[in-house]
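Right, one structure below, let's go through it.
The values are calculated or read from the model by the stated rules, or taken from the named source; none is laboratory data. This one's a predicted model, so the numbers in the text were calculated from it and none came from an experiment. Don't worry about glycine lacking a Cβ; one is built from the backbone with ideal geometry, like all the others, and counts go over all protein chains shown. We work out accessible area using only protein heavy atoms, side chains counted, and drop any ligands, DNA or RNA first. Shrake-Rupley method; radii C 1.70, N 1.55, O 1.52, S 1.80 Å.
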Amino acid sequence: MRPHPRLRKTVKWGGAAVGVLMLAAWAASERWYLHHYAWPWLYGAQRGGAYLVHDPGAMYRMPPGVYTGRVDPTVPKVWWAEASISGGRTYVGFPFWLPAVVAGMCSAIAWRFDVIARRRARAGACPRCFYSRAGLAGDAPCPECGEPSPCG
């Protein structure tokens, strides 16, 4: 299996960045809410999660726009993903911790693969088949798979 350092680098740093951003959004949404209304769509974030509502049958009593403010403590926290469809109204909500955990796990796996690849390179293993290149000339191809030398 050929290593993919560019993809691994993107996943490990991108996953770490997404995880940190989701945790920051989670912390911020505990104090403040952010809603955007443009009939028939209402979406926003508050109390640890984000949501999307599509309700063509309802006319909310607010003009279209962005609304922010302090969170009402009586609004329940968002702990689990949920979705519902009833009477033409669609609701989808998810907690911010969920994508943070998924991104963190993908990032951790990519970091682990990167550590393994660095160890193998230091040990002198072939980057393609991991055959030990000990005792071979620096510019010699791998005798197992024919991969050109990583040094040459």
(request) Could you run through the stretch 110-152 and say how many residues are part of a helix (DSSP H, G or I), open to solvent by 70 Å² or more (accessible area, probe 1.4 Å), free of Cβ contacts under 8 Å to residues at least 12 places away in the same chain and not basic (Lys, Arg)? (result) 1
(request) Could you list, in sequence order, all residues of the stretch 79-105 that are surrounded by 12 or more Cβ atoms within 10 Å (Cβ to Cβ) and part of a strand (DSSP E or B)? (result) Glu82, Arg89, Thr90, Tyr91, Val92, Gly93, Phe94, Pro95
(request) Only residues that are aliphatic (A, V, I, L, M) and open to solvent by less than 50 Å² (accessible area, probe 1.4 Å): list them for the stretch 18-39, please. (result) Met22, Ala25, Ala28, Ala38
(message) Are there strands (runs of 3 or more DSSP E) fully within the stretch 1-68 with at least 2 residues that are touching a residue at least 40 places away in the same chain (Cβ under 8 Å)? List them.
(response) 49-54
